[in-house]
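Have a look at the structure below, then the notes.
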Amino acid sequence: MKKANQPAPKSKKFEPGEHIRVVPLHHPKPAVSIDDLSRQREGGEQDLFDGQPHPAPANAQLTFRNGSLIPNVQVFTIFWGRLWGSTPASTDLMNKLNKFFRVILASPAINQLAEYNVPRQTIGHGSFIGTKVITADAPVGSVTDSVIRRQVKRWIAAKLAPKNSPNTLYFIYLDPGIISIMGGSRSCQNYCGYHNNVGRVYYAVMPYPTCSGCLGGMDAFDALTGTSSHELCEAITDPVPGSGWYDDNNGEIGDICAWNFKTVDGYTVQLEWSNQQGRCV
């Protein structure tokens, strides 16, 4: 097994914004076993465009592209919209998501990322540094990534969000019913969440899950912690998509293992790819 900090091979040429950084939609489990699917994949017998989930490919291998990591992530949550905090249920959900980050950022879910340490960038525990409900300029109907990029910079400049640092990660939660649009793709049609950057400002966008493809048979809170953990681990290991740890064929650390979950400290989190173990852990 190759070491996690192996040098990157010659990589594919991607245009800006083409690197995979989303939580894909959930599909029902296939009727055949994972072992059978693996054998079919290896034998070339399977249609990989059949709209069904597939096991992590045996040849998945993240390689380091010499970019930045987020060594000790500092998460700040932004609940952007007019519905957050307007009812006891929405306030309770915000509180539970913030507690999730307080716990998970100092948990084994972060410990397992240590195999992706590189010289002068050592991944360790993170911290939850605050939260804010923002109603100003709340999106109606839909919001594009270009709008969010501008808003993040405005929020920082207006001190609605803390000043950016190399460890800051802004998690933006949208109101129920607001469609996220990125690169021509739409939430609940093509993805359930994503992370991105504007310069050295790192952020994740989490549409509220209202469709079966983004709930995956779970309640909204578990679906949100699952997809949030997916984007959290990807942002830590590849904050500028495609410049950190990346696999040209399979995407980022979470993409390889999408919609496979475990429980950590009482919370639903997604499995993440381990180069050292050659599987999702």
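The values are calculated or read from the model by the stated rules, or taken from the named source; none is laboratory data. These figures come from a predicted structure and were not determined experimentally. Note: ideal-geometry Cβ built from the backbone for every residue, glycine included; neighbour counts use all protein chains shown. Protein only, heavy atoms only, side chains kept; ligands, DNA and RNA dropped before computing areas. Shrake-Rupley method; radii C 1.70, N 1.55, O 1.52, S 1.80 Å.
At-a-glance table
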quantity: For region 76-133, convex hull of alpha carbons as volume per residue, Å³; calculated: 84
quantity: Quarter of Cα convex hull surface for region 208-272, i.e. mean projection, nm²; calculated: 4.6
quantity: Length released on extending from M218 to H125, taking residue separation times 0.36 nm less the Cα-Cα span; calculated: 30.7 nm
quantity: Residues R154 and R82, FRET efficiency given R0 of 22 Å [Cβ-Cβ distance, rounded to 0.05]; calculated: 0.80
quantity: 1.4 Å probe accessible area per residue over region 144-257, in Å²; calculated: 32
quantity: Region 153-233 - percent relative contact order, Cα under 8 Å, separation 6 or more; calculated: 27
quantity: Equivalent ellipsoid, region 81-234 (semi-axes from 5 times Cα gyration tensor eigenvalues, Å); calculated: 24, 19, 16
